[in-house]
Every structure is written in C-alpha cells, then in structure tokens.
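Note sheet for the following structure.
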Amino acid sequence: MSNAVTMDKIVSLSRRRGFVFPSSEIYGGMGSTFDYGHYGVLMKNNIRERWFEAIVRNRDDIVAIDSAIILHPKVWEASGHVGGFTDPLIDCRTCKLRFRADKLEDSHCGRKPSKHPGETPECDLTEPRQFNLMFETTVGALQEEGSRAFLRPETAQGIFINFKNVLQIARRKPPFGIAQIGKSFRNEITPGNFLFRVREFEQMEMEYFVPPDEGEKWYRYWIDERLKWYLRYGLRQSKLRVREHGPEERSHYSQGTSDIEYEYPIGWGELEGIANRGDFDLTQHAEHARTKLEYVGQDGERYVPHVVEPAVSIERIMVAMLVDAYDEEVVGERERTVLRLHPQIAPVTAAILPLVGKSDEMVAKARSLYEDLRRRHSVEYDDNGAIGRRYRRQDEIGTPWAFTVDEQTLADDTVTVRDRDSLAQERIPIAGVHNWLEDALERDWKSPKET
C-alpha cells in the first residue's frame, strides 16, 4: 500500500466522502468549479471560525467588516486592477488550448502532454497578449456605457474604501486592523489542481494599518503570527516554509512580500501571502475619490498609515490540511484510510455509535448522548452496519473520537472512547462524556504522522 499522498487520492476521498463535488456535474461540469458537500461545509466553517477567532475575537486591535461583492467601478481603476490586473496569454492554434505565457514550463501540450507548449513542431503559438483577470458584469437592465462593473477579484479594496468609516466608528488608532471574509472571483487562464487554483474562492484578508515608520516591524510580526497559526492547527513544520519575494516579483508599491508555502503533492506552492503594501492603497483611493484617508491624532498628528496584509483563501488551507492529514496504514491485516485532522478542524468532532443498531436499549442510550452533545458540538450518530465499518467511515472523514454504547453501558452507564490516531480505547462514565470532550478539544495536538 503506497503512502505517497497524491492529489488524485485527495480528490477521490473528497468525492467519496462528500467533502467536494465537481459543480454542475449533471450537465458535464464546469472547469475548476466546485460545490461543497456536508463535510466540506463543516470543515470550511471550522477553518473560517479558527481564523476569525485568531484574527478578530481574541484581539482588541482588529475589527470585522463585510463589504459588497460588486463595488463602484472606479474602485478598480484606483487600485490598478482595470489597467494592471492581467496575465500574459498565449493560444495554440493547433490544439486550441490557452496558456499563461509566463508559466509554459508548468503547462502541458494539448497533443503531447509529456511536452510543454512550443516544444513540438505541431505547436503554433500566438504572440502573448494581456488578459484581464476580472469578471465583468452589468449593473442595471441595459448593457450600455456606464453600466459595466466587476466581480471583486479580492476583498482588500472593500476594506480600504471603508477605512474612514471604521476609523470613526471603531475608535481605533494605528496600529489597528480591519478583517474580512468573503467570495472573490478571478477569470484564471489556467485554473486547476483541484481547489488550488479556482475562479471562485473564499478569501480571508486583514489589512493592518500602522504608523509609516513601523511597517517593517509589523510585516515581520504578521509573518510569524500566521506561521504559528498553521502549526497550531496541525500542519507539519517540515511541510511549511516562508519564501521572501525578490524585487523582480513584487508589485511596484510593495515594500516587502512573503509567501507561507506548503509542500503540496504538486510541489511547493503559496498557502498565504503577507505583504507590506506601504501607503499605496489609501493614497490611490484618496486621490481618485478626492477625499482624505488619513489618521489624525488628538494632538494634531496626521499621516496616511502604511498597511500590512495577510491574505489567504479557505480553499488553499483546506487542500493543505487534507493533504497533511491524509494517511494510509494496515491495521489488523486490513487497510485503513484516515484523515488525521486537528480536532478543531475536523468536520465531525465525535461519533456516537450503538454497538448493535437493532438493540432498542443501546439505541436509546446512544441517541440520548447524541442529543446532549449536539447542542455544543458537531457530532454524528450512526447505527448502520458493522461497528468496524462505521469506525472506518469516521476515520475517513477525520472524526477524532468515537463513543460506543455497548452491553456494558447497559450495566454500568459507561461508554468506550476510541481515539482515531492511536486506536486506543478507554471507558468513561456516560455522564462524564461532555466534560471529557471539552477537555480533549483544549489539549494541544500535533500530527502523529512522520515529519
């Protein structure tokens, strides 16, 4: 049994266990567009909640916002997206495929996939042309001049244009942050690799406004903070690294950009970006909107804050966590596939299982425990099939613990707790399950997989 984690294995498990489905599948699907099943929704909710907890709820210096998806078209002119948010595009007249001109070494020829575009005599490539990545839409009933708008390609600009509102209402002074979670849309030329690059994704971004001379300090601070977050929620140190962008990679306004990278099955790739954006965004919007976007202190101190931005998509995190958690092993001469997810990320925290699904007494006890736990936790009741098969199913969706009601439960009101990772079992009083689970969720957790 091969333990190598491939993207195909992650896609297969995601489909089989209802994490992620190809979208519009009954109509033949739509490239790089996905729908989330029950467990995918639960896992995304947990990732979102852990991020919001770390960025907003557990801090006094960051507030939340939820801006519109369709903003005034001038927002994207001021930000540079209309004129500069482009990728170089090349078409092949032979195979009719489209490629990014700067990523030909990562692309495959339509006729000979072992070759890159342009490497065979059959290839007939066009000259590169710039392709804007924003999706256009129309506001109003008629498609006429002045009605053109865009689906936002990032959530950041919705934060910048609300800087003045938040500054007045939230009563914060730099350093302080504004955080947002929401959908973004990019008309990617070459999406692919499952959820790694898609056209519709959910971003989690935070803009941290700081005094001009503190930009570098807070830039380094947020790199460290975000790296610690991934380690806290189970990603292995050996699979993470920080890569600083060289001057040729950075945007013209960037004073520093770093990627937290994860070693996906497709190689090292960006998980999260942290950028020191300087005062570019507020200055641009102040100029285009003809309004002042600055901080004015009580003593008359006045300046345009600099901005440090940690930005990530839930999709990238989800792929990294699924890859890192995926494991295969042989237990008792039987193969077992297991997702060793952090207990606070796993879609289901615990399963409640009657040993014999046809025993009215066991079912009554198990259902009662399930009803009690579900008020506070994401738990699942299952009485269908042999107990071994039910354990295996819970292992595949990453459930950390299973509480089993059996013959002994009927005699002394204790249940068996089975640990997903170690397979160890212990008995505890059924009345103590709630507190046991609360304590278990608070314990530090590290992946038992080899680093």
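The values are calculated or read from the model by the stated rules, or taken from the named source; none is laboratory data. Only a predicted model underlies this, so the values are computations on that prediction, with no experimental measurement involved. Every residue, glycine among them, receives a Cβ derived from its backbone with ideal geometry; neighbour counts consider all protein chains shown. Note: areas computed on protein heavy atoms with side chains; ligands, DNA, RNA excluded. Shrake-Rupley method; radii C 1.70, N 1.55, O 1.52, S 1.80 Å.
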Practice problem: Counting residues in the stretch 404-451 as N, plug N into 2.2 N^0.38 Å and put the Cα Rg over that result. | Solution: 1.35
Quiz item: Stokes-Einstein D for the chain at 10 °C, 1.306 mPa s, Kirkwood Rh over Cα pairs, in µm²/s?
Solution: 64
Quiz item: With the other protein chains left in place, how much accessible area per residue, in square angstrom, belongs to the chain at a 1.4 angstrom probe?
Solution: 49
Quiz item: So how much slack lies between Arg393 and Glu270, counting 0.36 nm per residue of separation and subtracting their Cα-Cα distance, in nm?
Solution: 41.1 nm
Quiz item: Carbon and sulfur: what percent of the chain's accessible surface (1.4 Å probe)?
Solution: 47
Self-check item: Arg16 paired with Asp439, simple spin-label distance in nm, labels 7 Å along Cα-to-beta-carbon
Solution: 3.6
Quiz item: Hey, rough spin-label estimate for Met30 and His288, points 7 angstrom out along Cα→Cβ, what's it come to in nanometres?
Solution: 2.7
Exercise. Considering only DSSP beta bridges where both residues belong to the stretch 130-279, give the percentage that are antiparallel (nearest 5).
Key: 100
Exercise. Among the listed pairs Lys183/Lys239; Lys44/Lys228; Lys164/Lys228, give every one whose C-alpha distance is greater than 24 Å.
Key: Lys183/Lys239; Lys164/Lys228
Quiz item: For the stretch 13-72 and the stretch 241-279, what is the separation of their C-alpha centers, rounded to whole Å?
Solution: 22
Self-check item: Computed helical MRE - 222 nm, the chain, DSSP H runs ≥ 4 contributing -39500 (n - 2.57), nearest 500
Solution: -8500 deg cm²/dmol
Quiz prompt | Average silhouette area of the stretch 371-437, convex hull of alpha-carbon atoms, in square nanometres | solution = 4.7
Quiz item: Which FRET efficiency, nearest 0.05, do Phe52 and Asp124 yield, Cβ-Cβ r, R0 41 Å?
Solution: 0.25
Self-check item: Nearest-ten-degree value, helix 360-373 long axis tilted from longest Cα axis of the chain
Solution: 30
Practice problem: Using a Förster distance of 35 angstrom, determine the FRET efficiency expected from the C-beta separation of Ser114 and Arg250, and round it to 0.05. | Solution: 0.55
Quiz item: Translational D (Stokes-Einstein, µm²/s) of the stretch 138-235 at 4 °C and 1.567 mPa s when Rh comes from the Kirkwood sum over C-alpha pairs?
Solution: 78
Self-check item: Rounded tilt (10° steps) of 7-16 against the dominant C-alpha axis of the chain
Solution: 60
Exercise. Could you state the angle between the C-alpha long axis of helix 433-442 and the longest principal axis of the C-alpha atoms of the chain, as a value from 0 to 90 degrees rounded to the nearest 10?
Key: 40
Self-check item: Hits among lysines - C-alpha to C-alpha of Lys103 under 20 Å, sequence gap 8 or more where chains match
Solution: Lys112, Lys115
Quiz prompt | Candidate aspartates and glutamates for bridging to Lys449, where Cα separation is under 16 Å - those fewer than 8 sequence places away on the same chain excluded | solution = Glu263, Asp324, Asp327, Glu328, Glu329, Asp395, Glu396, Asp419, Asp421
Exercise. Order these peptides, 286-298, 388-400, by their mean beta-carbon neighbour count within 10 angstrom, highest first.
Key: 388-400, 286-298
Quiz item: Counting only the backbone N, which residues of the stretch 57-83 are under 14 Å from the spot 7 Å out from the Cα of Val139 toward its beta-carbon?
Solution: 68-78
